[in-house]
Amino acid sequence: MIKVGVLGATGYAGSELVRILTNHKDVEITLLVSHSYAGQKMSDIYPSMKGVCDITLSELDASVAAEKCDVVFTALPHGASKEVIPALYEKGLVVIDLSGDYSYNDKEVYKQWYGAEHTSPELLEVSVYGMPELHREEIKKTKLIGNPGCYTTCSILGLAPLVKNKAVELKNIIIDAKSGVTGAGRGVSLDYHFCECTENMKAYKVATHRHTSEIEQELSLLAGEDIILSFTPHLVPLKRGILATIYANLDGSYTKEELIKMYQDFYKDEYFVRIYENGLPETNHVAGSNFVDIGLTVDKRLNRVIISSAIDNIYKGAAGQAVQNMNIIFGLDEKEAIGGAGFYL
């Protein structure tokens, strides 16, 4: 059995991790850390866990984590992860980080978008961007994963085949993305109160959202040249889900059928990527699952492709993808505990 710890176990992504891991046949949860709720049981905070996970939450101690765990998931806020991960990594643990702290190849890009120096830039040299569809072989060999976020997963996978095959112009890509409220985390803020969110929709962090830099990093690697794009996130009155509508001018003449075939070929061995031959995905097609659903259409008047990509933001966009990475690192069936259909309703 793989002994697993979750740091930040009571946040939305952390609790989803715990829920998934309780159904994993090769895992024993040995440590749950929560600064806010230390001393209480997981099932006290989430009654849905009663009788399923009654582990007492504790404060973080790297030495204790090293004794109890083989792998640690860090579901901590951006900035907090880089303060605790070096000690965990030095003790030989596999670390899968759900923040953006170890998702970058360049410390200067991190500084630009996060407004602070990276305190362990040497670990950026060994961390791997944990998107299995693009970096599976590297993931197999690492002990430090920068687990991609929700907007990044939805956007990168939505564009990857077109960028890799040079089928679109690279200088005017536009990503218009909508997220459910769980993407903001469990912290209390006026912006996320029920009355502020329900029957409302808004754009935020226009031209400044940090995920822009991750999307550009990964697409630039695929293209073999630097890509700068426009990314606009929106908050919509859903609990979970991401829908990205992506616009790109075609570099040549392509039919919808030719582009669909391009996607099918690119993702032919990827269980978790589903390509729509007809119609477009919706968030309730993927809610509660680790799937990425992608559809597209071609606007012949403008010679433009419009891609629609949908994921569950706290599953494939966080906890489910993290477990997928763990399965790969430990040589397990990649679908273990995360291969089922979503709950739709």
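Just so you know, all these numbers are worked out from the coordinates, no wet-lab data involved. In this text, all values refer to a predicted model and were calculated from it rather than measured experimentally. For neighbour counting, all protein chains shown are included, and Cβ atoms are generated from backbone atoms with ideal geometry for every residue, glycine included.
Neighbour counts of C-beta atoms inside 10 Å place MET42, MET49 in the sequence MET49, MET42, starting with the fewest.
Enumerate by residue number the trypsin sites (Lys or Arg not before Pro) in the range 237-345 meeting two conditions: DSSP loop (anything except H, G, I, E, B), and at most 10 other Cβ atoms within 10 Å of the site's Cβ. Answer by residue number: LYS268, ARG301.
With the cut-off at under 16 Å, measuring from each backbone N in the range 151-168 to a point 7 Å along the Cα-to-Cβ line of ASP299 picks out 168.
Convex hull volume of the Cα atoms of the range 2-126, normalised per residue: 100 Å³. The calculated FRET efficiency for the pair THR255 and VAL126, based on their C-beta separation and a Förster distance of 41 Å, comes to about 0.40.
Compared with the alpha-carbon gap, the fully stretched path from THR245 to HIS35 is longer by 71.8 nm at 0.36 nm per residue. Find the centroid of the Cα atoms in the range 23-41 and in the range 105-149, then give the distance between the two in whole Å. One Cα centre to the other: 25 Å.
Count neighbours as other Cβ atoms within 10 Å of each site's Cβ, and list the chymotrypsin sites (Phe, Trp or Tyr not before Pro) in the range 277-345 that are DSSP loop with at most 14 such neighbours. When the chymotrypsin sites (Phe, Trp or Tyr not before Pro) of the range 277-345 are filtered for loop state and at most 14 Cβ neighbours within 10 Å, PHE343, TYR344 remain.
Using the beta-carbon distance between ASN200 and GLU67 and R0 = 35 Å, what value does 1/(1 + (r/R0)^6) give for FRET efficiency, to the nearest 0.05?
My answer for the efficiency is 0.15.
Cross-link partners for LYS141 among the lysines, with Cα-Cα distance under 25 Å and sequence neighbours closer than 8 places in the same chain left out: LYS3, LYS25, LYS68, LYS82, LYS91, LYS107, LYS164, LYS268, LYS316, LYS335. By the helix-only formula, in which each DSSP H run with n ≥ 4 contributes -39500 (n - 2.57) and the sum is divided by residues, the chain has a 222 nm mean residue ellipticity of -8500 deg cm²/dmol.
Toward the positive end of the charge dipole of the range 2-126, with +1 on the Cβ of Lys and Arg and -1 on the Cβ of Asp and Glu, the farthest Cα among LEU60, THR119, VAL109 is that of LEU60. Sparse packing (at most 11 other Cβ atoms within 10 Å of the Cβ) combined with a DSSP loop state is found for the following GluC sites (Glu not before Pro) in the range 62-139: GLU117, GLU125.
Return the percentage of antiparallel bridges among DSSP beta bridges fully within the chain, rounded to the nearest 5 %.
Expressed as a percentage, antiparallel bridges in the chain total about 45.
Here the gap between HIS234 and ASP333, fully extended at 0.36 nm per residue and compared with their Cα-Cα distance, gives a gain of 32.1 nm.
Placing +1 on the Cβ of every Lys and Arg and -1 on the Cβ of every Asp and Glu, with nothing else charged, gives the chain a dipole about its Cα centre of roughly 600 debye. Placing a label point 7 Å from the Cα of ALA207 along the Cα-to-Cβ direction, the residues of the range 231-260 with a backbone N closer than 17 Å are 231-234. Taking the inverse of the mean reciprocal distance over all distinct Cα pairs, the Kirkwood hydrodynamic radius of the chain comes to 20.4 Å.
For the pair the range 272-308 / the range 81-103, the C-alpha centres are spaced 34 Å from each other.
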